[in-house]
Every structure is written in C-alpha cells, then in structure tokens.
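A.B. asks: Quick one: structure below, then a few questions.
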Amino acid sequence: MRGRILEILRAGGAEPVSGEELSKRLEVSRTAVWKHIQALKAEGYDIESVPKKGYVLKAAPDRLKPAEIITHLKTKWLGHSIHYVESVDSTNNLAKRLAEEGCDNGLVVVSEEQKGGKGRLSRGWFSPFACGNWFSVVLKPPFLPQEASKCTLLAAVAVVKAVNKYKGVNAAIKWPNDILLNGKKLVGILTEMSAEFGKINYIVIGIGINVNVPHSIVPDDIKDCAVSVADAAAEPVERVQILADVLDNLEELYESVLQNGFAPVLAEWRKYSCTLGQQVKVIAPDETYCGLAVDIDEDGLLVVKKEDGTTEKVIAGDVSIRPAAGTGKYA
Ligand code: BTN
C-alpha cells in the first residue's frame, strides 16, 4: 500500500495529489490514506501536505525501506516479502532464523548495516551503514542438496548483470561467486543451506554489494582490494535501484533454471567469468596446487588442468588467479 502511495506521489511530481484521489485509486478510506502518509513521514519521507490540495513527495530517505524497494521491483514473487532492519549482526543469520520459522520462498532480508557481516571461509564482511546493499534471499528450490551451488552461480550472474548497467562498471565473476572490478572486490556472495537427505529445506543467498562505500572508511587490511560501484561511476549511485535489479534478474534466472535447466545460466556465467582460461592457484582443504582453469561443469564445479596434465574438479576452497608474468601475487 505504501509503495503504491509513493508511486502515485512520484508520478504527480510537484503537483499535489489529493487524499480523495489516493483513497479512490487505492480503494481505501481517506483516514487510511492519512495514516499511511503519517507512517511514511515517520520513515523519513519528506511529504508536504498542501492545504486543500493534497500531498507532494519532496524527498525520499536514502534507506532501503521495503516501500522503496517495492516501487522499483518488477518481480512476480521474489522480494514481495521484505524484512527490513536498520542494523543486524548478519542478514544471513536473520534470514536463516526466519526460514526456520517457515518464511515464504523469496523472502528478502535487508539491513542498512551489519555488525558481524560474514564472508566466505570464515572471513568477515565490512558492511557500514547506508553505504551498500547487504541483503539475503531465502529460496526453497526443488534441487538436490548437491546442486545447491547452482544458486550461487545464478546469483553471481544476477548481480554482475545488475552492476554492469552502471557507467564505467565492467565487472566479472571470479569462481565461484566473487564479483571483481579491475581485480578488486565489488561484491561477495555467501550461500548457506539447510538440507536433509535428498531435499533442500532452504537456501540463503547472502549478497554484499559495495555501492557507495567511501574509500576513506574502508579498513586498512582491505583498502587495496575493495572497490565500490560509485568509484567506477565517479558519482554516488542509487542503492535501491541496484537491489531491485538484482532481485529482478535473480527471479528471471531462477525461473529459467526451473523451466529450461541450468545450461543457459552456465553459458551466461562463462560469458562473465574472469577465471576461465587463467592460470590459477587452488588452496583446497587438503592440498594446494596450480593449473589452468579450463571450464565449469554442469554442477558449477571449476575444472582445473593441473601442471602434471591431470584434471581436477574444485568443489570448495580458495582460488586465486595468477597475475600477468612478474607482477607479484595472485588476486
Ligand atoms: C565473501 O566472502 O565474498 C562473501 C561475502 C558475503 C557478504 C554478504 S553481505 C549480506 C550477507 N550477510 C552476511 O553476513 N554475509 C552476506
């Protein structure tokens, strides 16, 4: 309802929209309209009440409020249920709790900041207030547990397509799910799953997008390897639009997998990959080796041709891409 009110006020521009018109178009009483307007004001929307004329939306807060997200969203079901918080330890943790309580397929948990943002391989994720998109999506796919990595690859494609719409952004996917821009980390994806024998209960896809993170506040240990969309675009970027675009892409790709299988998504993943065709160093749980990344297989595993000529499929672990000869460390 609040999303629709914002939509109508936005369309009205500087012209006031009367309470009567809103109540007619939304088929609710004028008192209900008034209550929603008060609630939007309390959320930080600057809505002017022009006597005898109606309401004008003067400014929206730079917050990822559900009403804002919904006005930008084109999905049929994904993100129709949004759990918004200003602060949380980790959106993945909160999403897992809501999933355990039986939330809808397609629930999105969004926070302005994370106090304990989680990265892959037990690392942290820097998530300062209102500078990025820190969110988690709950999916309940009819896949086998061993196919869960498909959701991660699918999410990587959804995100890279959304960020590459911005001027100056030409990001690529580093296997399995890092999104890099000029070799620096723009986006991280952490997928967690609850499953039992032969069945996935739910998957939580946690996505962290550095949108407008000022370089000056990035901790020293990641300063040289992190980048924001705004750095490349050379201006602050509207966070809500990127978030809505990711959710739109995610739903489209997910439905395409359900209808046509995984091959088309894999083809897109390959198109955006900066790992394939590169010399890589694989730090697997039980060994470290180097080789050429030749492909990803139909389950999303990285196929590496080792220096001794044998082929290995990488399930888990850390993969670094070898830099151009003589330039130092792996990225
Ligand atoms: C990585 O190490 O690259 C993965 C980082 C994933 C960060 C996101 S931010 C939203 C979600 N909540 C978390 O705690 N982590 C993920």
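A.B. asks: Look through Leu154, Leu190 and report the one residue that is under 18 Å from the mean Cα position of the chain (by Cα), open to solvent by 20 Å² or more (accessible area, probe 1.4 Å) and more than 27 Å from Pro61 (Cβ to Cβ).
C.D. replies: So the residue among Leu154, Leu190 that is under 18 Å from the mean Cα position of the chain (by Cα), open to solvent by 20 Å² or more (accessible area, probe 1.4 Å) and more than 27 Å from Pro61 (Cβ to Cβ) is Leu190.
A.B. asks: Could you list, in sequence order, the residues of region 72-109 that are more than 9 Å from the ligand (Cβ to nearest atom), outside any loop (DSSP other than H, G, I, E, B) and within 15 Å of the chain's Cα centre (by Cα)?
C.D. replies: His72, Ile82, His83, Tyr84, Val108
A.B. asks: Is there a residue in region 35-55 that is of a type in the set (Phe, Trp, Tyr), open to solvent by less than 20 Å² (accessible area, probe 1.4 Å), assigned to a loop (DSSP other than H, G, I, E, B) and out of contact with any helix residue (DSSP H, G or I) (no Cβ under 6 Å at 6 or more places or on another chain)?
C.D. replies: yes
A.B. asks: Spot the failing condition for Gly117; the list is (1) under 20 Å from Asp221 (Cβ atoms); (2) more than 8 Å from the ligand (Cβ to nearest atom); (3) open to solvent by less than 20 Å² (accessible area, probe 1.4 Å), and only one is missed.
C.D. replies: Result: Gly117 fails condition (2) only.
A.B. asks: Restricting the first residue to region 237-249 and requiring it to be under 13 Å from Gly79 (Cα atoms) and of a type outside the set (Phe, Trp, Tyr), which pairs with a second residue that is open to solvent by less than 10 Å² (accessible area, probe 1.4 Å) and outside any helix (DSSP H, G or I) meet a Cβ separation below 6 Å and a spacing of at least six or different chains?
C.D. replies: Pairs that qualify, where the first residue is under 13 Å from Gly79 (Cα atoms) and of a type outside the set (Phe, Trp, Tyr) and the partner is open to solvent by less than 10 Å² (accessible area, probe 1.4 Å) and outside any helix (DSSP H, G or I), are Val240/Leu64; Leu243/Asn133; Leu247/Leu78; Leu247/Gly79.
A.B. asks: Report the residue count in region 187-209 for those that are more than 10 Å from the ligand (Cβ to nearest atom) and in a strand (DSSP E or B).
C.D. replies: Number of matching residues: 9.
A.B. asks: Same structure, new question: So if I check each of Ala233, Ala195, Ala226, which one is of a type in the set (A, V, I, L, M) and without any contact (Cβ under 8 Å) to a residue 60 or more places away in the chain?
C.D. replies: That would be Ala195, the only listed residue that is of a type in the set (A, V, I, L, M) and without any contact (Cβ under 8 Å) to a residue 60 or more places away in the chain.
A.B. asks: In region 56-73, what residues are open to solvent by 40 Å² or more (accessible area, probe 1.4 Å) and among the small types (Gly, Ala, Ser)?
C.D. replies: Ala59, Ala60
A.B. asks: Right, here's the next one. Would you point out which residue out of Asp231, Asp221, Asp245 is modelled with pLDDT under 95 and either part of a loop (DSSP other than H, G, I, E, B) or within 19 Å of the chain's Cα centre (by Cα) (or both)?
C.D. replies: Matching residue, one of Asp231, Asp221, Asp245: Asp231.
A.B. asks: Looking at Ser127, Ser122, which one is open to solvent by 50 Å² or more (accessible area, probe 1.4 Å) and small (Gly, Ala, Ser)?
C.D. replies: Being open to solvent by 50 Å² or more (accessible area, probe 1.4 Å) and small (Gly, Ala, Ser) holds for just one of Ser127, Ser122, which is Ser122.
The values are calculated or read from the model by the stated rules, or taken from the named source; none is laboratory data. Everything quoted here is computed from the prediction, not taken from an experiment. Reconstructed Cβ throughout: ideal geometry from the backbone, glycine too, with neighbour counts over all protein chains shown. The accessibility values were calculated without ligands, DNA or RNA, using every heavy atom of the protein model including side chains. Shrake-Rupley method; radii C 1.70, N 1.55, O 1.52, S 1.80 Å.
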